Amino acid sequence: MTRHFLRDDDLSPAELLEVLDLADAMKADPFGHKPLTGPHTVALVFDRPTLRTQVSFAAGIAELGGNPMTVDGGLAAMGSREGVEDVARVLGRQAAAIVWRTAHQSDVVTMAEHAGVPVLNALTDEFHPCQLLADLQTVREHKGRLAGVRAAFVGDGACNMGNSWFLAGAAAGMHVVVGAPEGFHPDPDVVAKAREVAQGTGGSVELTTDPVEAVTGADVVVTDSWVSMGREEEAGDRMRVFPPYGVTEELLAHAAADAIVMHCLPAYRGKEIAEAVIEGPQSVVWDEAENRRHAQKAVLTWLLEKSS
Ligand code: NVA
């Protein structure tokens, strides 16, 4: 059966740990794993802006012995020039796997149904699971464990990162609190699924509208842009509700003294994160950005192995 990574809960809690262990092994020995020798091609399709995702996948696929083939989503014009079903079957005949950043989760599902090769979600409006693998790898590096670690996500909890933190954090046995304004909490179906997963792992997921309550005692403080891709028209309204959720030095002071600060980037300094915080000693954002490569190499390798 072909395995895909379309949302965080496509990996069971045990599988998630297998992938994270492989990511650590790949980080320790970046050129020691060559599952794509041939070279096999991996298609990287971007319908939306990218920096970290494109460069980390391209560099990682090269390290695995493969050929990263970047496809300009604008030129391919999926959905208008031809349907996702047809593109899936064409790409699946050229590439060993497909990595796709696009707006709608339903489209990556359609791609997976028709491609015949593993499909990886490189961000949709709903989920950003590759980022969460890198985030969990980073937390484990800095905290030595995942189970029992307390993470606070403050800001736009309704975006892809809020949903993914709930699902992946619960799978890892973490205690995740989302502190977000009314109307900006993770999707209710995701909350229910995360609660169910957390019951099996000893983790928990909680919601609050109070940023101080969310951050109090946290080992990890996470934030993300208040205006995700595709939400640009709402920027004015969002700038009115989100300022109390900015990760400032004052807010961070409520977290554990040794808390780390994470941000998937791009960061808007002075908005969701203060300059002094992102540049400060608790910030691990550059480790997080580097770990995209190791974590994505691991999940790609793992999916190919399980699908063969
Ligand atoms: N929530 C952000 C993540 C960017 C990597 C967005 O969707 O724009």
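Coordinate-derived values only; no laboratory data. Bear in mind the structure is a predicted one, so any value in this text is a computation, not a measurement. Cβ: placed from backbone, ideal geometry, glycine included. Neighbour counts: every protein chain shown.
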- Query: For the Cα atoms of the chain, what angle does the longest principal axis make with the long axis of helix 160-171, in degrees from 0 to 90, nearest 10?
  - Reply: 90
- Query: Between the helical axis of 285-307 and the dominant principal axis of the chain, each derived from Cα atoms, what acute angle in degrees is found, rounded to the nearest 10?
  - Reply: 40
- P(r) over all Cα-Cα pairs of region 1-147, 10 Å bins from 0 to the longest distance, whole percent per bin, short to long, reads 11, 40, 37, 11, 1
- Note on the structure: The summed charge of the residue 23 Cβ neighbourhood (under 12 Å; Lys/Arg +1, Asp/Glu -1) stands at -2
- Exceeding the 28 Å Cα-Cα cut-off - candidates 27/193; 27/306; 193/306; 34/193: 27/193; 34/193
- Task: Could you tell me how many degrees, from 0 to 90 and to the nearest 10, lie between the Cα long axis of helix 105-115 and the main elongation axis, the longest principal axis, of the Cα atoms of the chain?
- Result: 20
- Kirkwood Rh for region 150-218 from C-alpha pairs, in Å, is 11.3
- Can you find, among 217, 128, 163, the residue farthest towards the positive end of the dipole of the chain? Put +1 on the C-beta of Lys and Arg, -1 on that of Asp and Glu. 128
- Under 5 Å from the placed amide H of residue 153, counting only residues 5+ away or on other chains, we find 177, 178, 179, 222
- Query: Can you list the residues, at least 5 places off or on another chain, whose amide H is less than 5 Å from the amide H of residue 70, using H built in the peptide plane?
  - Reply: 44
- Note on the structure: Shape descriptor, the chain: equivalent ellipsoid semi-axes (Cα gyration tensor, sqrt 5λ, whole Å, largest first) stand at 31, 21, 18
